[in-house]
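In what follows, a single structure is set out as structure tokens and then discussed.
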Amino acid sequence: MPCAGRTFELWLLLGLTIFCVFECIGTGAESPGTPNSLTQYQTASTNILPVERKQKSITPPVEANTSLSVFVDTRVVLHCPNATSDAVIVTWAVTFRDQTSCSRDYRTDNNKTSEKTCTDERISWDFRPDQNFALQINPVAITHEGYYKCEVVTPDGNFGHGHHLRVLVPPKVALSLGENGTAVCWAVAGSPAAQISWTPTGDCHTVEERLGNDTVTVQSTCHWEDRQVSEVSCFVSHVTGNKSLSIEINPGYKSPLNWNILYIILSVLILFIIIIGCVLLFKICGCRKCKLGRKEATTVVEEDEMQPYASYTEKNNPLYDTVSKG
């Protein structure tokens, strides 16, 4: 029995030893490959990250556009908000409303500018292009209306900004009398077209005429056939400002309201004159009665004063009579 137990233990120990040997060999075979795989992954990650970073840096931003409205014969400056100090090329590309185009370029590496088909001297750099990429138009004309795009090329990508330029021209307004009691209102050579309205409203007809300089003349003719009006007003509405003109179309006509007011004023005036006349008449009559009463009273007093003297003179003087007789 002791020998059999020792034999079993030896076989068990031998099996465990063989298992441990194979386990160590398998672990050693896998462990050398792990650093290589990690190194390859790290190398691949190192190579990928700069590419991704570069791709993100050269992605251009979304182009911005703004709308700008300016008066004709003024000065306007268009800017490049996304311009950077490391710009390589700056380009202004212009598309006018008549679909013609021109461009101006500036290269920072050789500090040179070029104008491609842009011969209009009113369009120029605002200052020195090496210090300011802005574009100026001085003075602005109706033909300068259009789309202006500034594009800046840098090592990190391209940046752009566009301006929709709109030129405003105020119209000249006029109002005159037409035939058969009509009135005509004009808004001449405006941009955009003006709108005309009337007070009071009537039977009106409006037409527009486009001129050669891209402006519009609006003419409105209005007639008041069934209404008796003496004065009308023409109201011109435009983005540059509103104007109103008035004119008399029937100077001899007065509205019923004005006649009523005149009748009331005349009636009050006549009544006032009658009252004043009555007061003066009463005063005159009263004064005459007073004067007559005073004259009668004076006559009675004079008669009363004369009566004692008359009775005294009529008495006989006996003494005088005796002397006379003797």
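The values are calculated or read from the model by the stated rules, or taken from the named source; none is laboratory data. Quantities reported herein were computed from a predicted structural model and do not represent experimental measurements. Neighbour counts are summed over all protein chains in view; Cβ atoms, including those assigned to glycine, are modelled from backbone coordinates with ideal geometry. Accessible surface is based on the protein model in full, side chains and every heavy atom, while ligands, DNA and RNA are left aside. Shrake-Rupley method; radii C 1.70, N 1.55, O 1.52, S 1.80 Å.
Write down Rg/Rh for the stretch 175-230, rounded to two decimals, with Rg from the C-alpha atoms and Rh from the Kirkwood relation over Cα pairs. Write down the numbers at each step before the final one.
Numbers: Rg = 12.6 Å, Rh = 12.0 Å.
Result: Rg/Rh = 1.04.
At a Förster distance of 22 Å, what's the computed FRET efficiency of SER176 paired with SER244, Cβ-Cβ distance as r, to 0.05?
0.90
Tell me the label-point distance for the pair PHE235, ALA141, using the 7 Å Cα-to-Cβ offset, in nm and rounded to one decimal.
Roughly 3.7 nm, to one decimal.
Once the Cα gyration tensor of the stretch 134-192 is diagonalised, what are the square roots of 5 times its eigenvalues, in whole Å and ordered largest first, as equivalent ellipsoid semi-axes?
On the way: eigenvalues 421, 20, 5 Å².
Semi-axis lengths for the stretch 134-192 are 46, 10, 5 Å.
Any chance you could look up the accessible area of THR108 with a 1.4 Å probe, heavy atoms only, rounded to 10 Å²?
For THR108, the solvent-accessible surface is approximately 50 Å².
What FRET efficiency comes out for the pair THR100/GLU121, r = Cβ-Cβ distance, R0 = 22 Å, nearest 0.05?
Working: r = 16 Å, r/R0 = 0.74.
Plugging the Cβ-Cβ distance into 1/(1 + (r/R0)^6) gives 0.85.
Given C-alpha coordinates of the stretch 83-220, what is the ratio Rg to Rh with the Kirkwood estimate of Rh? Spell out each step's value before the answer.
Numbers: Rg = 22.1 Å, Rh = 18.1 Å.
Expressed as Rg/Rh, it is 1.22.
How far, in nm, would the chain grow between SER69 and VAL188 when pulled straight, counting 0.36 nm per residue and subtracting the alpha carbon separation? Before the final figure, lay out each step's value.
On the way: separation 119, 0.36 × 119 = 42.84 nm, distance 2.00 nm.
Length gained between SER69 and VAL188: 40.8 nm.
Calculate the translational D of the stretch 161-287 in whole µm² s⁻¹ from Stokes-Einstein, where the hydrodynamic radius comes from the Kirkwood formula applied to all Cα pairs, the temperature is 37 °C and the viscosity 0.692 mPa s. Working shown, then result.
Values: Rh = 18.5 Å.
Reported coefficient: 178 µm²/s.
Taking 7 Å along the Cα-to-C-beta vector as the label spot, tell me the GLN131-GLU209 distance in nanometres, rounded to one decimal.
5.0 nm
Which FRET efficiency value, to the nearest 0.05, is calculated for CYS285 and ASN260 with the Förster distance at 45 angstrom and r the Cβ-Cβ distance? Write out the running numbers ahead of the final one.
On the way: r = 37 Å, r/R0 = 0.83.
E between CYS285 and ASN260, to the nearest 0.05, is 0.75.
How about the stretch 204-244: which GluC sites (Glu not before Pro) there lie in a loop by DSSP and see at most 14 other Cβ atoms within 10 Å?
GLU225
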